[in-house]
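Here's the structure we're looking at; comments come further down.
The values are calculated or read from the model by the stated rules, or taken from the named source; none is laboratory data. In this text, all values refer to a predicted model and were calculated from it rather than measured experimentally. Quick reminder, even Gly has a Cβ in these numbers, built from the backbone with ideal geometry, and neighbours come from all protein chains shown.
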């Protein structure tokens with residue numbers, strides 16, 4: 001009962017991962033630190049995609065162009081909050097063998113479950129809308145093709161990536177991680193090209209400052225674009241059957257490895273988000289372009305300021321972001337439907353259904369960046385319905401056993417949940433003309 005078990009239908013790479021995890025957890029072989037950690041890396045990297053999706057491009061670029069480095073601390077704080085939230089999600093799957101949506105179905109009244117399912121499906125569609133449009137813009141920047149053609153290419157590419165899932169979790173994790181690496185390397189090059197003021201970067205990364213009501217709205221938008229409801233549900237599903245152990249000591253050891261996975265993946269996402277804002281601040285704000293509020297405008301402005309390479313690198317990073325996050329969004333939608341109402345759609349049918357609104361938006365010629373903003377508002381409204389039950393469930397000892405939250409962890413998580421709720425109410429109020 002204490003050994004990890006292999007799930008049915010896993011690929012060869014999955015079996016090797018489970019066996020390596022057995023060695024690492026059991027201490028039966030002497031392994032170096034990296035080999036010991038490697039089998040546990042993956043779930044958080046898939047989850048981290050939601051933290052560097054096209055919605056983040058929009059909010060970070062607008063924040064940096066309008067307020068320079070001022071809101072950099074918000075990105076740091078948001079990603080620290082994300083690390084805790086995603087750690088709790090991973091822990092729920094490890095401790096119980098069930099994901100967050102399944103626990104909601106088991107423990108909440110029927111009408112509440114169906115209401116949450118509908119809300120999370122809307123959030124999944126909103127997520128997919130942002131990611132789909134982002135990838136289409138990436139294709140347009142790189143190849144000069146119309147958005148509708150970029151949208152169709154995005155759908156085709158996502159189908160190809162999702163097809164890897166039939167060969168096991170490890171291949172899909174590898175592809176998504178590779179796309180995350182492309183985004184990270186792209187922004188490393190962007191940062192080299194834009195030559196930021198590192199003294200200002202370090203100062204604003206740790207010193208909280210705001211510059212009037214508009215900066216508060218953008219700070220709230222950064223939080224709303226960072227912590228995503230669908231990926232909270234997904235992360236618990238990614239860990240619930242990946243490596244299964246029963247005895248207390250191995251459960252604790254497994255969770256420690258997953259925390260490292262979260263810290264590394266979310267740390268990379270934090271650096272990428274920070275690089276987005278730094279690029280906008282050092283390129284647009286410092287040159288007097290304080291109203292760069294759209295992704296398309298950012299790509300056009302980069303070329304004369306930093307040269308054609310900057311625009312190309314920006315397009316590559318946006319395309320990788322859209323493709324990876326769209327793939328992850330489809331997987332999250334599957335988990336949400338299966339968990340809440342015990343129904344399962346073919347991944348191809350779900351991909352086709354979620355593509356339809358995105359293609360419609362593109363075909364109607366609606367403003368892509370404005371659509372991204374609206375999608376973030378929908379996600380902001382849905383977020384508390386993921387965070388609150390997560391904190392409640394992981395605080396219950398009969399459910400979590402030895403992995404129950406410590407009091408200080410629960411306190412920090414409830415503070416984060418309250419802060420997210422307040423900020424999202426403020427964002428909705430401002431978005432719909434409150435002032």
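Quick rundown of the values:
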read-out: The one condition in (1) touching a helix residue (DSSP H, G or I) at 6+ places or on another chain (Cβ under 7 Å); (2) within 23 Å of residue 258 (Cβ to Cβ) that residue 34 fails to fulfil; value: (1)
read-out: Within segment 21-70, tally of residues that are under 27 Å from residue 326 (Cα atoms) and surrounded by 22 or more Cβ atoms within 10 Å (Cβ to Cβ); value: 26
read-out: Helices (runs of 4 or more DSSP H) within segment 305-402 that include 1 or more residues modelled with pLDDT under 80; value: 308-341, 347-363, 368-382
read-out: Some residue of segment 121-128 being surrounded by 24 or more Cβ atoms within 10 Å (Cβ to Cβ), over 25 Å from residue 366 (Cα atoms) and touching a residue at least 12 places away in the same chain (Cβ under 8 Å); value: no
read-out: Residue among 267, 241, 212 that is modelled with pLDDT under 90 and either over 30 Å from residue 46 (Cβ atoms) or within 16 Å of the chain's Cα centre (by Cα) (or both); value: 212
read-out: Residues that are without any contact (Cβ under 8 Å) to a residue 40 or more places away in the chain and under 25 Å from residue 17 (Cα atoms), drawn from segment 147-170; value: 160, 163, 164, 166
read-out: Residue list for segment 6-20, filter: modelled with pLDDT under 75 and surrounded by 13 or more Cβ atoms within 10 Å (Cβ to Cβ); value: 6, 7, 10, 11, 13
read-out: Yes/no for residue 181 being closer than 28 Å to residue 16 by Cα, within 18 Å of the chain's Cα centre (by Cα) and either free of Cβ contacts under 8 Å to residues at least 60 places away in the same chain or surrounded by fewer than 17 Cβ atoms within 10 Å (Cβ to Cβ) (or both); value: yes
read-out: Tally of residues being under 19 Å from residue 236 (Cα atoms) and either surrounded by 19 or more Cβ atoms within 10 Å (Cβ to Cβ) or modelled with pLDDT of 95 or more (or both) across segment 411-423; value: 3
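So that you can scan it fast, the table gives a plain yes or no per residue for (1) within 18 Å of residue 358 (Cα to Cα); (2) touching a helix residue (DSSP H, G or I) at 6+ places or on another chain (Cβ under 7 Å); (3) in a helix (DSSP H, G or I):
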| site | (1), (2), (3) |
| --- | --- |
| 59 | no, yes, yes |
| 64 | no, yes, yes |
| 77 | no, no, yes |
| 81 | no, yes, yes |
| 88 | no, yes, yes |
| 98 | no, yes, no |
| 133 | yes, yes, yes |
| 139 | yes, yes, yes |
